[in-house]
């Protein structure tokens, strides 16, 4: 039997890495971070334990890469959703909505992820994080940012803040309110992207117009 080519070996390694990342997402959502062991992950992925050490420095790094992979995939799907659009406002709206929706549908995973990145390690630079960053930079570039790198960093910070607000135990902020804040910041029409269903009937007065003819939900002061 002839030896496998380098390209075949690389494809196999990539599939093994993908299985580990997917298994991490599934198990953390099912059992929580502390109750999930590396042995559990490798068993679910059908991989050798040594592969985890080969690809990742530990369970925390594995978790971050797994969540960044999920975020990048959801964001890419949102940007490519039919009907496709080259409009910069639509692309940025889809990017914002993708992250907000993901936070709502994967609360356990995202809460664990936010706790992880606030530890001393901070962001772990991995291929998945770089892919996510590239997609977000592309969104603010399409929107018309004068400095895409600076605007990307600001958008990332704003999305992190919105994510934390959505995940606060016992006191989450309404997604429509957080979305409206972000959309006003970037001058996006409320009808762009994927507006949350619970905000569909909100029709504020003219003072909340974004200049495009589409009204944003009224932001009443918090008490």
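What follows is calculated from the coordinates using simple rules that are stated; it is not laboratory data. Not measured: the values here are computed from a predicted model. Counting neighbours? That spans all protein chains shown, and the Cβs are built from the backbone with ideal geometry, glycine included.
Give me 33, 54 sorted ascending by neighbouring Cβ count inside 10 Å, so fewest comes first.
So the residues, fewest neighbours to most, are 54, 33.
Taking neighbour counts of Cβ atoms within 10 Å as a proxy for exposure, in what order, fewest first, do 179, 60 appear?
Ascending number of Cβ neighbours within 10 Å: 60, 179.
With the Cα gyration tensor of the chain in hand, give its eigenvalues times 5 under a square root as the equivalent ellipsoid semi-axes, listed largest first in whole angstrom.
Ellipsoid half-lengths, sorted descending, are 36, 21, 14 Å.
Have a look at 39, 61, 98 and tell me which one the Gaussian network model of the chain (Cα, springs below 10 Å) gives the largest fluctuation.
Among 39, 61, 98, the largest GNM mean-square fluctuation belongs to 39.
How far is it, in nm, from the label point at residue 35 to the one at residue 7 when both lie 7 Å from their Cα along the line to the Cβ?
Between residue 35 and residue 7, the simple spin-label model gives 4.5 nm.
Could you give the angle, 0 to 90 degrees to the nearest 10, between helix 148-167's Cα long axis and the longest principal axis of the Cα atoms of the chain?
Approximately 90 degrees, to the nearest ten.
Please rank 111, 13, fewest neighbouring Cβ atoms within 10 Å first, as an exposure proxy.
Least crowded to most crowded, the residues run 13, 111.
Measure of size requested: the Rg and Dmax of region 67-196, with Cα atoms as the atom set and Å as the unit; please supply both.
Calculated on Cα positions, Rg and Dmax stand at 13.9, 42 Å.
So for region 1-108, Kirkwood radius off the Cα pairs, Stokes-Einstein at 4 °C and 1.567 mPa s: how many µm² s⁻¹?
83 µm²/s
Mind pulling the angle between the C-alpha long axis of helix 107-117 and the longest principal axis of the chain? Nearest 10 degrees, somewhere in 0 to 90.
On a 0 to 90 degree scale, this one is about 80.
With everything on Cα atoms, drop me the angle between helix 59-80 and the longest principal axis of the chain, reported from 0 to 90° to the nearest 10.
50 degrees
Let me have the 222 nm mean residue ellipticity of the chain computed from DSSP H runs of 4+ only, each contributing -39500 (n - 2.57), with the sum over all residues rounded to the nearest 500.
Mean residue ellipticity at 222 nm (helix-derived): -21000 deg cm²/dmol.
Please tell me the relative contact order of the chain in percent, rounded to the nearest whole number, where contacts are Cα pairs under 8 Å and at least six residues apart.
Answer for the chain is 18 percent.
How long are the semi-axes of the ellipsoid equivalent to region 7-55, from square roots of 5 times the Cα gyration tensor eigenvalues, in whole Å, largest first?
21, 10, 7
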